[in-house]
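Structure first, then comments.
The values are calculated or read from the model by the stated rules, or taken from the named source; none is laboratory data. Fair warning: this is a prediction, and the values are worked out from it, not measured in the lab. Neighbour counts run over all protein chains shown; Cβ positions are idealised from the backbone, glycine included.
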Amino acid sequence: MTERDAYEVLQVQPDAHALVIQAAYRALASLYHPDRDPSPVATHRMAELNIAFARVRTPELRDLYDRARGQVARHATVVAVRVEPEAPAPARPDLITFGRYSGWTIGELARHDPDYLRWLSRHSSGIRYRSRIEAVLAPNGRPHPATRTPPR
């Protein structure tokens with residue numbers, strides 16, 4: 001059996017926390033356990049998981065494994081760094097500041113995903129953008145029916 005990197009087998013980063021490694025092992029073991037999947041591929045994969053977890057299951061074993069790999073044990077080092085907050089960016093009322101479209105303007109978003117803008121204008125996180133969204137989606141001056149607020 002070719003020996004693969006333990007972190008690759010466990011599908012975690014080399015600097016992952018010990019609890020993350022343990023959770024990854026348990027999740028993968030539940031998928032490939034012979035009682036659940038009796039195929040030869042699953043049996044081979046489970047053997048790899050057991051070997052990989054045995055190499056990194058304790059801090060001492062993990063340090064030995066990391067040194068053997070030629071790496072410094074980054075997971076054991078704790079460094080406190082003071083980070084100064086960034087100066088606030090100039091306020092742009094049409095700039096989305098959250099979610100997958102963070103950094104996009106409302107105009108760019110209207111060309112790319114107008115349905116998202118319609119949804120955003122109805123959602124509580126889009127209240128501050130509502131008037132701009134209505135103006136962009138309805139160039140004729142009348143709000144789009146999907147963005148119009150219902151009468152009270």
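Below are the figures for this structure:
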item	result
Hits in region 3-36 - residues which are polar (S, T, N, Q) and within 16 Å of R55 (Cβ to Cβ)	Q11, Q13, Q22
Flag for A29 being assigned by TED's automatic domain parsing to the domain that holds Y65, among the small types (G, A, S), without any contact (Cβ under 8 Å) to a residue 60 or more places away in the chain and not in a helix (DSSP H, G or I)	no
Top-ranked residue in region 9-20 [being without any contact (Cβ under 8 Å) to a residue 40 or more places away in the chain and in contact with a helix residue (DSSP H, G or I) (Cβ under 8 Å, 6 or more places away or on another chain); ranked as surrounded by the fewest Cβ atoms within 10 Å (Cβ to Cβ)]	Q13
Matching residues, region 14-54, being closer than 22 Å to A68 by Cβ and not hydrophobic (A, V, I, L, M, F, W, C)	P14, D15, H17, Q22, Y25, E48, N50
Any hit, region 6-13, residues being of a type outside the set (A, V, I, L, M) and farther than 22 Å from G70 by Cβ	no
